[in-house]
Amino acid sequence: MTTPAARSGTGQPAELFFEDLVPGLTVDLGVVTVDGDEMVAFARRFDPQWYHVDTDLAGESRHGGLIASGFYTVSLFMRAYVDHLLSRAAADASPGLEELRWLAPVRAGDRLAVRVDVMGARPSTARPGLGTVSLTGTMLRLGPDDRPEQEVLRTRFRGWFAARPTEAEPAGPAEPAGTADPPEADLPEADRPDHGPTGADQPASDPAETDPAETRPAETSPDGPEQPEGDPAKAEQQG
């Protein structure tokens, strides 16, 4: 039986998974053209500083005209990221970003080439079944010959992506009566299976996977089984 298909960032069945986003991978997110009316409308709604909305003042300033709000520029990046990657990938939420830089002014009519580079990937310790992918996003202004002229935006961030679904192993034949392995409590100490990583291998914020009191055989003495010291309820809470 196959695990239900994971959804992409836009709700469609995903075709890219955590395992596909390997360090060194570059994903082309296309080219966006800055719409002047949209640029100003965004600024009037969210960032109404004069060099974003006042044509006369901006024209008389060192800017030489209106420039886009940086948050409008990063919104253009986000849309390209969704359209060209998250719409195909088994994307979950993002735990945040580390860097966001506006490196040059963006103006109406600019053509911006967008891409992301995968910098690192590892299974998530906070979300089982997901992987954390570290990405760098860039936007570069293109010249009339379509050659990159200047980098206008750079951002470093992380995203969670689901691991590729796997098919469940088929159930094996039932074992004949009397051939099952003896209970763990009856095995010699040296033959017992490992109960997982030691405390040194586990994150400080995670409890141990098993209670040592449950996996250690009771030691006996001539007077009978040894009893734990103190209040059993308190001992259980401390473990």
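Here the stretch 83-170 is treated as an ellipsoid with the same Cα gyration tensor; its semi-axes, largest first and in whole Å, are 33, 15, 9. Ranking 149, 38 by solvent-accessible area of protein heavy atoms (1.4 Å probe, all protein chains present), from largest to smallest, gives 149, 38. Computed from Cα atoms alone, the Kirkwood hydrodynamic radius reported for the stretch 1-132 is 17.1 Å.
Probing with 1.4 Å while keeping every protein chain in the model, the per residue accessible area of the stretch 1-71 equals 63 Å². Peptides 10-16, 70-76, ordered by how many other C-beta atoms sit within 10 Å of their residues on average, highest first, read 70-76, 10-16. Between residue 125 and residue 75, the modelled label-to-label distance comes to 3.7 nm, taking each label 7 Å out from Cα in the direction of the beta carbon.
The length gained by stretching the chain between residue 50 and residue 150 to full extension, at 0.36 nm per residue less their Cα-Cα distance, is 33.6 nm.
The apolar share of the surface of the stretch 5-126, taken as the fraction of accessible area on carbon and sulfur atoms (1.4 Å probe, ligands and nucleic acids excluded), comes to 52 percent. Between residue 25 and residue 60, full extension at 0.36 nm per residue minus the direct alpha carbon distance yields a gain of 8.2 nm.
The values are calculated or read from the model by the stated rules, or taken from the named source; none is laboratory data. Note that the coordinates shown come from a computational prediction; the quantities given were computed from them, not determined experimentally. Every residue, glycine as well, gets a Cβ built from its backbone with ideal geometry; the counts of neighbours run over all protein chains shown. Surface areas here come from the heavy atoms of the whole protein model, side chains and all, with no ligands, DNA or RNA. Shrake-Rupley method; radii C 1.70, N 1.55, O 1.52, S 1.80 Å.
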